[in-house]
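Shown next, in structure tokens, is the structure this report addresses.
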Amino acid sequence: MLRHLFALMLVMALAACAGPQRVDNTVHSFARWELPTGGAAAAVPHGPQRYRFERLPSQGDGAAAQEQGALEATTRQSLERHGWTLADKDADARWTVQVSASTTRARDPWDDRRSGWSLHGHIVTGNGHFFWSPMFLFPADPPDYQRQVTLLVRTVPGGQVVYETRAEHDSRWNATPALWQAMVEAALKDFPRPPAGPRRVEIELAH
């Protein structure tokens, strides 16, 4: 019976993998292009725009700098689809773009290691006794991850934030360049005039 159950689970998993994978994001975007900047109004930008990336001190060294470079490269590709290009090193830019990403591992509510109870295999209780039941046959599920990509656009000069957007995605997938690319693309959906309020944006995962 267990053999048939595992075979059914395998067939279901293979069927799920056969179709296109989609990244489901919750996106929040805020635009304030009309803020006064130096006595003039920053109108909604149309046509080609040039920008440069801005980094926090924590994003400038070692492994953090490498990860930030990869994230900025993905952001650059997405912004190019909206007519925004990265300015050359010595060229003037009207905007700065700051992008960041974070991952939080969510605790499984069915797995409380402090009390010794687990619904993902055998149980060792708080007093050290071992307990087993068929309902605990399956191995522990992979952890849930809560990921977020945030992007800010500021004016040059002045440094006023005129655009803010973030994409949030919860899943058990491992972090891959394709996943971050889908989240950046979702965060820039409807740029530079986003609709009001949170919205759901699905992006097909690149292969």
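Residue pairs, Cβ under 7 Å, 6 or more apart or interchain, first in the range 54-76 and free of Cβ contacts under 8 Å to residues at least 40 places away in the same chain, second surrounded by 13 or more Cβ atoms within 10 Å (Cβ to Cβ) and part of a helix (DSSP H, G or I). List them. As it stands, the answer is S58/A64; A65/Q59; Q68/Q59, since those pairs meet every condition given. Of the residues making up the range 142-156, those that are under 13 Å from F53 (Cα atoms) and in a strand (DSSP E or B) are L151, L152, V153, R154, T155. Of L86, L10, L35, L14, all but one fail to be more than 21 Å from V201 (Cβ to Cβ), open to solvent by less than 90 Å² (accessible area, probe 1.4 Å), at pLDDT below 95 and hydrophobic (A, V, I, L, M, F, W, C); the exception is L35.
When the residues of the range 94-121 are filtered to those that are open to solvent by less than 30 Å² (accessible area, probe 1.4 Å) and modelled with pLDDT of 95 or more, the one that is nearest to A70 (Cα to Cα) is V99.
Say whether the condition of being within 19 Å of E202 (Cα to Cα) and surrounded by fewer than 17 Cβ atoms within 10 Å (Cβ to Cβ) is met by at least one residue in the range 146-158. Scanning the range 146-158, I find at least one residue that is within 19 Å of E202 (Cα to Cα) and surrounded by fewer than 17 Cβ atoms within 10 Å (Cβ to Cβ), so the answer is yes.
Of all residue pairs spaced 6 or more apart or on separate chains, those with beta-carbon atoms under 6 Å, a first member in the range 77-95 that is over 18 Å from W33 (Cα atoms) and a second member that is open to solvent by 30 Å² or more (accessible area, probe 1.4 Å) and at pLDDT 95 or above are S78/E185; T85/R50; L86/R76; A87/R50; A87/R52. Checked against the criterion of being closer than 16 Å to M183 by Cα, at pLDDT 85 or above and open to solvent by 40 Å² or more (accessible area, probe 1.4 Å), the candidates E54, E67, E72 yield just one match: E67.
The values are calculated or read from the model by the stated rules, or taken from the named source; none is laboratory data. Predicted model, so just to flag it, every value in this text is computed and none were measured. Backbone-built Cβ (ideal geometry, glycine too); neighbour counts: all protein chains shown. Heavy atoms of the whole protein, side chains included, go into the accessibility calculation; ligands, DNA and RNA do not. Shrake-Rupley method; radii C 1.70, N 1.55, O 1.52, S 1.80 Å.
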